[in-house]
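What follows is one structure encoded as structure tokens, with my remarks underneath.
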Amino acid sequence: MMTKIERVGATLAGKPVDRPPFSIWYHFGTQHASAERTAQVHLEFFEAYDLDLLKVMNDYDYPMPGGVEVMATPSDLKWLEPLDIVRTSMGEQLKVIELLAKALRGKALFVDTVFNAWNTLRRNLAKETMPQLMANHPEALSEALQIVNDNLIRYALASLDRGAAGIFFSVPATAESVTLEQYERFMRPFDLAFLQAIQGRGEFHILHAHGEKLYFDRLLDYPVHALSWADLNGGPTIAEARQRTSLSLMAGLDHVNFPYLSVRKIREQIKSALAQAGDTKFILAPGCSVPTYSFPPLIRAARDAAQ
């Protein structure tokens with residue numbers, strides 16, 4: 001029987017495996033907690049479900065400049081500046097990475113989550129003003145995205161230095177978030193710059209294509225090792241993706257309806273996923289975070305079906 005590290009390594013290399021690696025994740029709600037508590041929750045989750053790969057949640061905030069409540073104008077955006085990462089809440093996440101690296105060394109690989117610059121700025125800073133910034137202040141927004149992206153690159157390199165095997169890079173390249181033209185201007189150039197900056201650092205970078213109406217084909221040249229997306233919630237199917245990319249694929253479970261599915265239905269999803277994926281270069285995983293209230297018997301059933 002392969003070890004967890006051997007299994008994931010062989011999968012990425014396209015070599016035979018004893019079974020496909022399995023991973024699953026949800027938001028723990030520890031964004032208020034210390035690094036020690038957050039790391040412990042991750043380790044408890046990893047052990048409880050015997051995961052092959054740990055996807056580390058990153059729910060600490062990207063800091064809003066002092067005295068600013070919302071970023072709605074070019075003058076607001078000018079408050080953004082290069083960050084001393086370890087002195088922000090992002091530094092708490094780096095402590096989590098250090099603790100996990102120590103605990104999982106020689107046992108399993110783990111990847112750290114980074115939301116791309118567009119989504120970081122929207123989620124943490126611009127909020128509801130993002131559509132107006134894209135429409136009315138594209139130059140100022142692009143300058144702001146460059147600053148955020150540079151900070152994220154510094155963060156990602158620090159995370160890799162501390163022991164993360166790779167970055168789980170979340171990109172909402174989907175019509176639910178942006179038009180294709182907006183994606184091409186405000187996401188893609190910064191995404192590629194981020195990935196090129198970490199290329200060669202880390203062994204397992206994952207592109208998480210987030211959304212149901214993806215600009216899927218525009219993502220296939222991203223320099224990563226694996227592609228994560230919701231094959232059962234928007235698609236394309238695993239079989240279709242296998243025809244369109246040589247990347248390792250990470251999919252198979254319906255993350256939206258997971259808590260409401262029977263064990264039988266989950267086994268059916270996994271059987272279908274494995275039939276489509278083939279013998280290697282596939283990791284069984286949800287299309288995105290499953291709901292936090294997903295009950296343990298369902299997660300264990302998914303793990304057992306993979307094994």
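Quick note: the coordinates plus some simple rules give every number you see, no bench work behind them. Fair warning: this is a prediction, and the values are worked out from it, not measured in the lab. Positions of Cβ are backbone-derived with ideal geometry, glycine not excepted, and every protein chain shown enters the neighbour counts.
A few points about this structure:
- Under 5 Å, built H, 5+ apart or other chain: amide partners of residue 249: 227, 282, 283
- When you restrict to C-alpha pairs under 8 Å that are six or more residues apart and normalise by the size of the chain, the relative contact order lands at 21 percent.
- Each stretch of four or more DSSP H residues adds -39500 (n - 2.57); spread over every residue of the chain, this sum gives -13000 deg cm²/dmol at 222 nm.
- Simple Cβ-charge dipole of segment 4-306, Lys/Arg +1 and Asp/Glu -1, about Cα centre, in debye nearest 20: 840 debye
- Charge sum, other residues only, whose C-beta stays under 12 Å from residue 271's C-beta, Lys/Arg counted +1 and Asp/Glu -1: +2
- Note on residue 31 and residue 263: the extension gain reaches 80.4 nm, defined as 0.36 nm multiplied by sequence separation minus the Cα-Cα distance.
- Think of the chain as a dipole: +1 on every Lys or Arg Cβ, -1 on every Asp or Glu Cβ, centred on the Cα centre; then among 249, 119, 66, 249 lies furthest on the positive end.
- Of all DSSP beta bridges confined to the chain, the antiparallel ones make up roughly 5%.
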